[in-house]
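This report refers to the structure that appears directly beneath it.
The values are calculated or read from the model by the stated rules, or taken from the named source; none is laboratory data. All figures in this text were calculated on a predicted structure; none of them were measured in a lab. Cβ atoms come from the backbone with ideal geometry, glycine included; neighbour counts cover every protein chain shown. All accessible areas refer to the heavy atoms of the entire protein, side chains included, with ligands and DNA or RNA removed. Shrake-Rupley method; radii C 1.70, N 1.55, O 1.52, S 1.80 Å.
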Amino acid sequence: MVKNMLLVILLLGVYIAGAQKQPGNQPQPAQSATLQKVYLTTDKVIYTPNEQLWFAAYLFENRSQIKDTADVLIVGLHDPVSDNMVALKKFPVLNRIATGNILLPDSLIAGGYNLVAYTNILDMHHIPVGTGFKPIRIYARTGDKAFTTSLKIADSLSTGDRIAIQHEMIPESYQVTFKDARARYQLAGDKFRTLNLDDYGKGIVYIPLKDVKTANRSLSVTTIYNGDTVRNRIRVPESTASKESWSASFYPEGGFLAAGFLNRVFWEVTSNNIAATSSALLLENDQVIDTIKTIANGTNAFYLNAKAGHQYAVVPGLKNTGRQKLMLPPVVPGGLRFEMPDIVVNDSLTIELWSKEKKAIQLVIVDVSGLPWVHKLDMGPYKKLTVLLNEFARGLCKVFITDEQNKILAKSYFFAHYSNKNQLYLETDRNVYKTRDSVALKIRLHDKNGTPLHSIATVSCALLSRIDFAMMKNIESDHDLGMVAYNEPAFLKRRNILDSSTLLEHIIRMKKMEDADTLLIPGNNLSERFLKPAVQLKLARFGRREKKSMDLVLFRESNFSFLKTNEEGILQLSNDVLLVNDGRKLFVKGMGKKNGDYYVQAEDSLAMVYSNINIPFYEPLHREQTADLHTLLKTDRKEKFSSTMETVIVRSKRDYGALGSPNPCGDYVCQYNILNCPNHTIPYKWPVKGQRYRSFGVELVYQGCDYENNMYLPPRSLIYLPRTFLGMDTTLLKQEFPEYLSTLWWQPFKKLAKDGDNQLVFHTSDQKGVYLITVQGFAENGQPFYGEKTIRVEE
């Protein structure tokens, strides 16, 4: 047995047969592979408009397959209701990590959104190779309203003919009742209806499925209380009829249907994104061979004796007349049948294999760190193996059976080593703090034997009411489902992952499985299949393209450089040229007195390829809140949401320029005389050349903005260097005005030394409540880690 140190990221195969597929179009195994994956973490989950969203991104990739790694990450905020990207920025990727911030637009409407990230490496169809997603929620507020609202689809109340949507009013400060509150709602293009709310601001909207069409999938709700109104929206699943809207996913135990063997197949059925419980017919070459059904959670398993050359399908209901057919994966003639009859965590794995022919095969197991364990053997009619699990990293492991050409013949997965995880220790100097108080945090990381480890971690401290645990996602559970397994002690001894529909359901939701039928190995390089688009400048004059060579000058802050278009009037810009500080702009101007009428048009295909991404509508892996967090959240109802909507007093437009927006260079000064302040993002005035301003704790002289009348490149084409999070710095600690921050600290990719304690010091603001400190990252042994701790801020 040999453990190969290959850094590959492999996800298991999955076949999804949807209701849209035609019965006659039998799909073949896909010829694709997972080459990149982006994991996203943010400072919190719940935001308000005009607030900074701070993120960190980890890039995992198969380095043997991609010669030129990604060096740009595009991050955007996707609105699932309108299916538009409401914010989009580019950031540099260094050493496969990226960090940055996005200012959330003040026009955002309350509801659920998706943070989307993708790399600048595309396939031949202009689809990004590496993507990452994270759901977030917006509490939209304006003025001094004392509440925001939440809309959720209630699966437990939804039926086969209607969808139930729960409405809830969320107070800014602790408040028991909302007497005489009311709400009005409408589907897009329909008339308004009234929703009766109880004294707690709660109510339920029932939407008949027959009323939901493609054009009106947006439900708008306006809540009215004490003269204030708050708007909210939610995306409603489309439906025409219950059984006709079925979609099913099939998961054979070995990854494929193996000819000549009794295959166990796990299947999941949903109708309009809701688990469907119903009976169905199993067909072989259009003939009924069995009756199967799903249980309450929409899942179950059935057995199928697969025959070579035959087609298998499932028909909803118990009548094989005019119904849609959901096709199972094709039968693989040379496939293997294998089972894992005994998996004991921290002990061993037993694998049994059957084959119709003798052949040389490889057993490959890949753990969470991406390190494959390979065992070569000669396969006969039957083989039984016992594999010790002592060396495997804690988490989800993938099992591949391949031939000598590394083609996957079968695959499955299991969990291993829950007690062998790295141990993270978080300690604060005390548990209760005053406002504007100093917090000292110590961090230590050990392996299972107590040996200290080097690591890199992202540290965050945010208000607990801004953390929705139903949307909780961290780097540890994203890789090994540890939180789910922790809540299921029976899984400590588990025959097969298919025996636990809950765990498999979470894997499906996390998109941990993608099509792949060939094991990736060095030497089979795919780099020539990929594109790395760049920003192009095209010369124009009087609104028309000009094909001529021209010298240009590019201004970047206080520096400038000379460029030149080719004979076609085209200039390709490198990523290094496009790098700017966050909020700044790039100006381009034609050289020479007679070139004033010329300007450049920017073409940036990379900023638009998000439309080619299949953005998922799914809930991430979540965990149940512990009893103590439930108690803390009940007392954490005093956050001042309106503090993010700052009041700006207009004193002199003539002196300060256009208030509420930055100057043409992207610079502004906040009301506390801080240049480009990340805590106060609504500009108070424009900076004046030669004047002194505070910036990150120091004073500097502003150099001015001299390029107001020149042509500047579109902000979406620029690559922004990340800002430094300030928090309650020395400037804000000294100010006389109250400062309400829901995020006290954000530090991405901090290096943690293994010798001694790693100590961080930050300050509380004037916002009282319970705060959650989270630390997550990767250790030098390749394993992820996650830890959290709560503190309280009082008077």
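Among the candidates Arg723, Arg694, the residue that is part of a loop (DSSP other than H, G, I, E, B) and open to solvent by 30 Å² or more (accessible area, probe 1.4 Å) is uniquely Arg723.
Please work out which residue is farthest from Leu151 (Cα to Cα), limiting yourself to the range 460-476 and to residues that are at pLDDT 85 or above and part of a helix (DSSP H, G or I).
Across the range 460-476, the extreme among qualifying residues is Leu464.
For the range 351-366, the criterion of being hydrophobic (A, V, I, L, M, F, W, C), surrounded by fewer than 22 Cβ atoms within 10 Å (Cβ to Cβ) and modelled with pLDDT under 80 is satisfied by no residue at all. Within the range 310-334, take every residue that is out of contact with any Pro (no Cβ under 9 Å at 6 or more places or on another chain) and open to solvent by less than 50 Å² (accessible area, probe 1.4 Å) and give me the one that is modelled with the lowest pLDDT. In this case the residue turns out to be Gly334. Residues in the range 120-151 that are modelled with pLDDT under 70, open to solvent by 20 Å² or more (accessible area, probe 1.4 Å) and at negative phi: Thr142, Asp144, Lys145, Ala146.
Suppose we filter the range 668-686 for residues that are assigned to a loop (DSSP other than H, G, I, E, B) and closer than 13 Å to Gln735 by Cβ; how many remain?
7
Can you pull out every residue in the range 558-594 that is surrounded by fewer than 17 Cβ atoms within 10 Å (Cβ to Cβ) and not in a strand (DSSP E or B)? Result: Ser558, Asn566, Glu567, Glu568, Ser574, Asn575, Asp576, Met591, Gly592, Lys593, Lys594.
Residues in the range 420-430 that are assigned to a strand (DSSP E or B) and either among the small types (Gly, Ala, Ser) or exposed (fewer than 13 other Cβ atoms within 10 Å of the Cβ) (or both): Glu427 alone. So for the range 702-716 (the condition being under 31 Å from the mean Cα position of the chain (by Cα), of a type outside the set (Gly, Ala, Ser) and either assigned to a loop (DSSP other than H, G, I, E, B) or crowded, with 19+ Cβ neighbours inside 10 Å (or both)), does at least one residue qualify? Yes, because at least one residue in the range 702-716 is under 31 Å from the mean Cα position of the chain (by Cα), of a type outside the set (Gly, Ala, Ser) and either assigned to a loop (DSSP other than H, G, I, E, B) or crowded, with 19+ Cβ neighbours inside 10 Å (or both).
In the range 431-459, which residues are of a type outside the set (Asp, Glu), part of a loop (DSSP other than H, G, I, E, B) and either at pLDDT 95 or above or surrounded by 13 or more Cβ atoms within 10 Å (Cβ to Cβ) (or both)?
Our first condition is that a residue be of a type outside the set (Asp, Glu); within the range 431-459, this holds for 431-436, 438-446, 448-459.
With the extra rule that they be part of a loop (DSSP other than H, G, I, E, B), the set shrinks to 431, 435-436, 448-451, 453-454.
Answer for the range 431-459, where residues must be of a type outside the set (Asp, Glu), part of a loop (DSSP other than H, G, I, E, B) and either at pLDDT 95 or above or surrounded by 13 or more Cβ atoms within 10 Å (Cβ to Cβ) (or both): Thr435, Arg436, Lys448, Leu453, His454.
Here Asp106 meets each of (1) closer than 19 Å to Ser742 by Cβ; (2) of a type in the set (Asp, Glu); (3) touching a strand residue (DSSP E or B) at 6+ places or on another chain (Cβ under 7 Å) with one exception, condition (3). Taking the conditions (1) part of a loop (DSSP other than H, G, I, E, B); (2) of a type in the set (Asp, Glu); (3) at pLDDT 85 or above in turn, Asp290 satisfies each one other than (1).
Under the condition of being modelled with pLDDT of 85 or more and crowded, with 17+ Cβ neighbours inside 10 Å, which residue from the range 547-557 is farthest from Val72 (Cα to Cα)? If we take residues in the range 547-557 being modelled with pLDDT of 85 or more and crowded, with 17+ Cβ neighbours inside 10 Å, then Met550 is farthest from Val72 (Cα to Cα).
Kindly check whether there is at least one residue in the range 299-309 that is under 20 Å from Trp246 (Cα atoms), exposed (fewer than 15 other Cβ atoms within 10 Å of the Cβ) and at pLDDT 85 or above. For the range 299-309, residues under 20 Å from Trp246 (Cα atoms), exposed (fewer than 15 other Cβ atoms within 10 Å of the Cβ) and at pLDDT 85 or above: absent.
The strands (runs of 3 or more DSSP E) found wholly in the range 152-271 and carrying at least 1 residues that are modelled with pLDDT under 75 occupy 246-252, 262-271.
In the range 378-396, of all residues being in a strand (DSSP E or B) and at pLDDT below 75, the one that is nearest to Asp447 (Cα to Cα) corresponds to Gly395.
Annotation note: of Leu59, Leu77, the sole residue that is touching a residue at least 24 places away in the same chain (Cβ under 8 Å), crowded, with 20+ Cβ neighbours inside 10 Å, of a type in the set (A, V, I, L, M) and closer than 30 Å to Gln186 by Cα is Leu77. Just one of the listed residues (Lys44, Lys89) is at pLDDT 90 or above, basic (Lys, Arg) and open to solvent by less than 10 Å² (accessible area, probe 1.4 Å), namely Lys44.
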